[in-house]
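What follows is a set of notes on a single structure, which appears directly below.
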Amino acid sequence: MNYLSALRAHLDSMEQLLQDSAASRGKELDFLTQELHRETNTIHSKADDLTIGRAALAIKSEVEKIREQVQNVE
């Protein structure tokens, strides 16, 4: 699985958790947020292209915003 596929898989899992209103999923969402951050860091560190590096930085910024929101979920 490449890094973009891993990002997509984590985002899909997060979307499924958010759609499931049966229970609070704070810990699972926190874990997925950490995985998004890890994958994005890997993409950024291996980027040979300035455009990819900038895009990875933008993604990292958005993941940070998600992390802040996830911390409010119990």
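The values are calculated or read from the model by the stated rules, or taken from the named source; none is laboratory data. Nothing here was measured: the structure is a model prediction, and the numbers come from that model. Cβ placement follows ideal geometry from the backbone for every residue including glycine, while neighbour counts extend to all protein chains displayed.
Assorted remarks:
- Matching option when the condition is in contact (Cβ under 8 Å) with a residue 12 or more places away in the chain and crowded, with 17+ Cβ neighbours inside 10 Å, among Leu29, Leu4: Leu29
- Number of the exception - Ala47 against (1) surrounded by 11 or more Cβ atoms within 10 Å (Cβ to Cβ); (2) free of Cβ contacts under 8 Å to residues at least 24 places away in the same chain; (3) under 18 Å from Val70 (Cα atoms): (3)
- Scope segment 13-42; condition farther than 22 Å from Ile52 by Cα, assigned to a helix (DSSP H, G or I) and among the acidic types (Asp, Glu); matching residues: Glu15, Glu28, Asp30
- Candidate set: segment 4-44, residues that are in contact with a Lys or Arg (Cβ under 8 Å, 6 or more places away or on another chain) and among the hydroxyl-bearing types (Ser, Thr, Tyr); chosen: the one farthest from Val70 (Cα to Cα): Thr40
- In segment 13-48, the residues that are within 10 Å of the chain's Cα centre (by Cα) and of a type in the set (Asp, Glu): Asp30, Glu35, Glu39
- Taken as a whole, the structure leaves Ser24 outside the set of residues that are small (Gly, Ala, Ser) and touching a Leu at 6+ places or on another chain (Cβ under 9 Å).
- For segment 58-74, the set of residues classified as surrounded by 14 or more Cβ atoms within 10 Å (Cβ to Cβ) and either over 10 Å from the mean Cα position of the chain (by Cα) or modelled with pLDDT under 90 (or both) consists of Val70, Val73, listed by residue number.
- Lone qualifier among Val73, Val63 - being hydrophobic (A, V, I, L, M, F, W, C) and part of a loop (DSSP other than H, G, I, E, B): Val73
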